[in-house]
1. Quick check on segment 293-335: of everything there that is at pLDDT 90 or above and among the small types (Gly, Ala, Ser), which residue is farthest from Gly346 (Cα to Cα)?
2. Glu287 fails exactly one of the following numbered conditions: (1) of a type outside the set (Gly, Ala, Ser); (2) surrounded by fewer than 21 Cβ atoms within 10 Å (Cβ to Cβ); (3) closer than 20 Å to Val193 by Cβ. What is the number of that condition?
3. Among the residues of segment 268-282, which ones are open to solvent by 60 Å² or more (accessible area, probe 1.4 Å) and at pLDDT below 85?
4. For segment 99-117, which residues satisfy the criterion of being open to solvent by 70 Å² or more (accessible area, probe 1.4 Å) and in a helix (DSSP H, G or I)?
5. Do you know which of the residues in segment 84-98 that are over 43 Å from the mean Cα position of the chain (by Cα) and open to solvent by 10 Å² or more (accessible area, probe 1.4 Å) is nearest to Val39 (Cα to Cα)?
6. Taking the residues in segment 362-377 that are out of contact with any strand residue (DSSP E or B) (no Cβ under 7 Å at 6 or more places or on another chain) and either open to solvent by less than 70 Å² (accessible area, probe 1.4 Å) or aliphatic (A, V, I, L, M) (or both) as candidates, determine which candidate is farthest from Ser291 (Cα to Cα).
7. Looking at Ala6, Ala38, which one is open to solvent by less than 20 Å² (accessible area, probe 1.4 Å), modelled with pLDDT under 85 and part of a helix (DSSP H, G or I)?
8. Just checking, how many residues over segment 126-149 are hydrophobic (A, V, I, L, M, F, W, C) and within 14 Å of Phe88 (Cα to Cα)?
Amino acid sequence: MKRTIATWGGAALFPLALAWSQLGSPRPWPYYYNPVLAVAAMLSMSLLIGVLRRVPLLALFMMLLGCVTVVLLANPQRQSGRAPFLPFLAVDLALAFIVATRTSRVSIAAVLLSLVVQFLTVGVFSNGTDVGVNAETALLALATAYMVGRLIRERREHGEALRTRAVADAVTAERLRIARELHDMVAHTIGIVALQAGAAKRVIDTQPARAREALGEVETASRETLSGLRRMLGALRQAELEKGTEPAPLDEMPGLADVDRLAAATTAAGVRVDVRRRGERRPLPPEVDLSAYRIIQEAVTNVVRHADARSCVVSIDCRDEELSIEVVDDGRGHGTTPGTGYGLVGMRERVTLLHGDLTAGPRTEGGFRVTARLPLPTGVS
């Protein structure tokens with residue numbers, strides 16, 4: 001409401017301010033137009049800024065009408081010089097604003113309106129010797145205003161396009177991150193559940209105790225995965241409620257400290273996992289710790305589901321500048337034929353995001369090997 005009153009109040013005061021700036025003081029030079037009056041006319045046009053923001057063509061028309069009035073009051077047919085045409089600079093500034101902020105249709109209308117009025121005014125009220133110079137000056141000022149407004153518009157549109165692309169890239173990256181977490185979290189559990197359920201089915205009549213133990217492992221693995229899914233969904237819902245774009249926190253995610261529990265669950269499912277650690281065990285950055293665990297989990301899951309192996313060895317070497325991981329099995333080498341899953345793709349994405357290296361493929365002596373190298377940030381000790 002206050003802005004509306006200020007906008008139209010300024011428009012109502014503009015004719016009074018323009019008349020006072022031109023007629024309110026005596027002219028010291030009877031034969032030459034005082035440049036101070038031109039500056040006063042431009043200052044009075046600042047009252048139309050509010051209208052320029054809301055109805056730009058109306059504000060431009062009022063400015064042009066004010067400039068023509070100034071030229072009429074100056075009576076330039078009896079004198080030489082370009083001072084009466086100086087208020088048109090305010091029109092050029094308004095034109096640059098319109099080109100920078102409005103649509104192409106409005107911008108073209110504003111340019112044509114300003115061009116016609118200025119050229120008619122210069123042609124009618126200039127002395128014969130000054131017509132060419134005044135017309136050239138008006139044209140250059142108009143062209144400069146249009147180019148400045150166009151450059152500002154293109155720069156703003158380019159910035160908006162970059163921001164839109166950055167948001168789209170962030171959304172895509174977050175979707176990929178969630179997809180990797182869900183795949184790594186669910187795929188391992190499904191593999192363990194499938195093995196344990198199959199074992200329970202085979203021995204439920206002959207070894208009820210062994211069947212109950214297998215079903216217990218199924219229950220434990222399912223509950224752990226369900227708990228992880230609930231944590232992830234809770235973090236996502238909380239981020240949505242807070243309108244934030246930060247990814248789900250990593251401090252509650254698993255890490256290398258949970259590898260022994262992963263090995264125990266996989267061993268209980270029928271594939272022995274030996275964990276060998278080298279180097280000093282120390283806290284790692286959350287993203288490195290989580291990625292290392294997920295890589296080991298996915299490699300072990302592939303061993304359980306595809307390699308037809310009886311055992312595998314997980315080697316973890318924590319050095320000063322990097323973390324090295326190796327998972328080797330004695331199976332049939334599941335990488336000999338192309339697969340349709342996303343396990344290796346997810347591992348490569350995790351390693352690439354951390355600027356590391358990943359190699360995966362069958363061994364000449366049999367089995368399959370997955371090796372990952374994750375650089376550690378400077379200062380991790």
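The values are calculated or read from the model by the stated rules, or taken from the named source; none is laboratory data. Note that the structure is predicted; figures quoted are calculated from it, not measured. For neighbour counting, all protein chains shown are included, and Cβ atoms are generated from backbone atoms with ideal geometry for every residue, glycine included. Please note that ligands, DNA and RNA were not included when accessible areas were found on the heavy atoms of the full protein model with its side chains. Shrake-Rupley method; radii C 1.70, N 1.55, O 1.52, S 1.80 Å.
1. In this case the residue turns out to be Ser315.
2. Here Glu287 clears every test but (3).
3. Matches in segment 268-282: Glu280, Arg281.
4. Arg105, Ile108, Leu112, Val116
5. If we filter segment 84-98 for residues that are over 43 Å from the mean Cα position of the chain (by Cα), which is where we start, we get 84-87.
Checking the rest, the ones that are also open to solvent by 10 Å² or more (accessible area, probe 1.4 Å) come to 85-86.
On the way: Phe85: 11, Leu86: 8 Å.
Checked segment 84-98; the qualifying residue nearest to Val39 (Cα to Cα) is Leu86.
6. Residues of segment 362-377 that are out of contact with any strand residue (DSSP E or B) (no Cβ under 7 Å at 6 or more places or on another chain), as a first pass: 364-366, 377.
In the following step, the residues that additionally are either open to solvent by less than 70 Å² (accessible area, probe 1.4 Å) or aliphatic (A, V, I, L, M) (or both) were identified as 366, 377.
Working: Gly366: 27, Pro377: 14 Å.
Here the answer is Gly366.
7. Values: Ala6 fails: open to solvent by less than 20 Å² (accessible area, probe 1.4 Å).
Just one listed residue meets the conditions, Ala38.
8. Going through segment 126-149, the residues hydrophobic (A, V, I, L, M, F, W, C) turn out to be 131, 133, 135, 138-143, 145, 147-148.
Okay, now just the ones that are also within 14 Å of Phe88 (Cα to Cα), so 135, 138-143, 145.
Result for segment 126-149: 8.
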